[in-house]
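One structure is given below, encoded as structure tokens.
The values are calculated or read from the model by the stated rules, or taken from the named source; none is laboratory data. Just so it is clear, the model here is predicted, and its values are computed rather than measured. All Cβ positions, glycine included, derive from the backbone under ideal geometry; neighbour counts span all protein chains shown.
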Amino acid sequence: MLSAAVAHAGQGVDDEALKKLPRAERVAILNAQSWEMTAAPLEGTLVIDGRVSEAAWSRAVPVTSLYQRETFEGLPATESTHVWILFDDTNLYIGVRCFDGDPSRPLARAMFHDENVGADDAFAVMIDAYNDHRSAVFLATNANGTLFDMLQNGEESRSRNLNWDTVWYSRGSQTETGWEAEIVVPFKSLRFDAPQDGREILFGIGFKRNLPRKNEETYWPFVGNDSTWYRPAELGTLHGLENIRPGRALELRPYVLGGVDRAVELGETSSRQEIGADAKWGITTGLTADFTVNTDFAQEEADVQQINLTRFSLFFPEKRQIFLESERSFIFGVKREADLIFTRRIGLSSSGGIIPILGGARLSGRQGRYNLGIMNMQTDDILAGTVAAENFTVMRFRRDLFERSNVGVVFTNRQGGGTYNRVYGADLNLFIGRAWSFESYFAVLDNDEPETAGTAQSGFAKLEYRTDRYGALYRYLGIGENFSPGIGFVRRPNSQQNRGVLRFSPRPSMSLIRQFHFTGTLDYIPNQQGLLETKWLTGELQTVFESGDSITLRYVDAYEFLEQGFRLRPDLTINPGNYSFATMTVQLNTFGRRHARARIGYTTGGFWDGTRDTLGLNLSYRINKHFGMSGNYDINWVDLPSGKFTTHLVSSRIQLALRTDVILMALLQYNHETQQLASNVRFNWIPKPGSDFFVVYNELDEWGQVFGVKNRSLSVKLNYLFAF
């Protein structure tokens, strides 16, 4: 009787009745609800000051009930959140009032653009303007009015483009009862189909509030532990929108740059003066064309250094905004393992040196049930033709299948210096219900490069079952001996990588422990000739406490066969042969939503025919809303019959925000292997969204020398957005 009485009109659920139900029953009721709200037209004007106090907001009926995912699944939020939505012919307006029983303390410290607001009392909205249940814009803010945005294009974590940016505005304020915020999203920043035949315009919509002091996550619509909020298919529906048109923005972003480079060892100084431009044209409501001339990346952060103690290539992520903003349209392959579209191959040498990009064009987006990405970039030759000019082409097409699945094809071509490297491929991705998924691809490489001319193949298949309590996975990744895509990254060629995973994650009825994760993994990797090269059996126990802290114990029983030896260091070689060894790891993670956080890990055990101990420390502290800092320290103690050595890698980040639009950032790194200290300092002023003024200083020093400066550079860059 009680269950039948839970649902009612208005917000859809009787919260008081819901509290009396057992967890499984209330979760089932919430999952069965229809989640809908209505936007109201704006009458008059709004002053965007971070206070939801003007009479215009009263025209909208607010959402007032969010429901917990953590800590107590399915229960109403312990602190109320009210959300209103208004609109006019140019903007969507979102007002939020977040109540807090202890509003006297600081509720927000994050201030940097795109800074993670997870440690703050924060509010986020997801908008699926197409209402196709496949992609959504994610916008998050806090009492400081911080802007954090990303694009969710699919259901997996790898389909989240954290580097995507759009134009929107937010103002926040702390109040006597908590905090409030006003968000303005121009319709030009959203892509949606123009209304036809008098049909109603519907947006997918969802809200999330993060309350770290209670370790509480609340959502509207409800999101259970067996699901994830990042599934656009599970958003609610926004009604009431009318007389709005999607934007087809034309944007021009020219830049001017001046700089000085000083090679101290050579006693040489050179100056740089550059001009260039990026342009963006919304061809249709879903397709965007981008153009770039004399592309420059002076403002991008330096790479985080790594020490390689393996026989495989290191992976350095893409950081250049021009490639990141449409990244999702060009994903194909397995991230960090067999990434067939890896844009760091364009305009960067294998050592990270800059190769000038003369220009390029890109078409990306979706049209109906099709998603496409087409890109062409041209680089210049350097060092008097020692590095040849090259042309890079990528064509990626996907078609939606069923509710959430897709099928697609890819073509890449890298051509220059009298050679070519081409890849043809197809993929199929199926999502069945909330728990099952299947992903696959097959690709063929064709090239005429002297040492590897001919064809090679790669194939991938993964079947996964995933719920909060159980998980199972089988994955196969096959990579041919000469499969080396010219615009791709392959970590381990000539391999047949098999992985099986079983997971059991109970939530015990214990006051201090939220969940256990018992995981067993088998990696079985022969080469393409069938010879076993790697077999790792891993057992792991992770304990997650109610505080959000966790401790992980991991045991690895490893077998490795080397047909050929490899050089671990200039003076140390690992010889061919069979190796069996085991390692043990202990890792402690403090709750990631605290302003002071730590991650400490220690691994000990065998390493080839010797031993290795590794200590990793990561500490970060957000002192206040203006200042934050973090540090990493990784140490390896390696003892082999042929020699012993120790490595140290230290890095520190410092962030200073005078306002949300005036930011100073520094990255300092020390590498014991190279005996070098690298400094990257960036000042960024944002005169308006989409425009930036940068001052960037880089220095490379020889550690331990009084006058050890090797290189210095100073760059000043202004890019300014003209929107039409």
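Summary of values
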{"item": "Residue satisfying all of: in the range 546-575; in a loop (DSSP other than H, G, I, E, B) and touching a Ser or Thr at 6+ places or on another chain (Cβ under 6 Å); surrounded by the fewest Cβ atoms within 10 Å (Cβ to Cβ) among these", "result": "Gly565"}
{"item": "Qualifying residues in the range 124-143 (those that are more than 14 Å from Val185 (Cβ to Cβ) and of a type outside the set (A, V, I, L, M)) - the one surrounded by the fewest Cβ atoms within 10 Å (Cβ to Cβ)", "result": "His133"}
{"item": "Per-region count, the range 576-606, residues touching a residue at least 60 places away in the same chain (Cβ under 8 Å) and either assigned to a strand (DSSP E or B) or not assigned by the TED database to the domain that holds Tyr559 (or both)", "result": "1"}
{"item": "Filter pass, Arg712 being in contact (Cβ under 8 Å) with a residue 40 or more places away in the chain and on the phi < 0 side of the Ramachandran plot", "result": "yes"}
{"item": "Val638 being at pLDDT 95 or above, more than 28 Å from the chain's Cα centre (by Cα), crowded, with 16+ Cβ neighbours inside 10 Å and assigned by the TED database to the domain that holds Gly616", "result": "yes"}
{"item": "One residue from Tyr255, Tyr230, Tyr219 being under 22 Å from the mean Cα position of the chain (by Cα), of a type outside the set (D, E, K, R) and at pLDDT 90 or above", "result": "Tyr219"}
{"item": "Number of positions in the range 193-251 that are in contact (Cβ under 8 Å) with a residue 24 or more places away in the chain and at positive phi", "result": "3"}
{"item": "Those residues of the range 176-185 which are surrounded by fewer than 19 Cβ atoms within 10 Å (Cβ to Cβ) and modelled with pLDDT under 95, in sequence order", "result": "Glu176, Thr177"}
{"item": "Test: residue in the range 656-663 that is part of a strand (DSSP E or B), closer than 30 Å to Glu265 by Cα and either among the hydroxyl-bearing types (Ser, Thr, Tyr) or not assigned by the TED database to the domain that holds Ser189 (or both)", "result": "no"}
{"item": "Matching residues in the range 481-490 - criterion: being buried (at least 18 other Cβ atoms within 10 Å of the Cβ), part of a loop (DSSP other than H, G, I, E, B) and out of contact with any Ser or Thr (no Cβ under 6 Å at 6 or more places or on another chain)", "result": "Ser484, Pro485, Gly486, Gly488"}
{"item": "Some residue of the range 144-156 being surrounded by fewer than 18 Cβ atoms within 10 Å (Cβ to Cβ) and small (Gly, Ala, Ser)", "result": "no"}
{"item": "Residue in the range 581-595 that is more than 30 Å from Glu73 (Cα to Cα), surrounded by 16 or more Cβ atoms within 10 Å (Cβ to Cβ) and aliphatic (A, V, I, L, M) present", "result": "no"}
{"item": "Search result, residues across the range 427-436 that are part of a strand (DSSP E or B) and touching a Ser or Thr at 6+ places or on another chain (Cβ under 9 Å)", "result": "Asp427, Leu428, Asn429, Leu430, Phe431, Ile432"}
{"item": "Counted residues, the range 438-451 - those being at pLDDT below 95 and crowded, with 17+ Cβ neighbours inside 10 Å", "result": "1"}
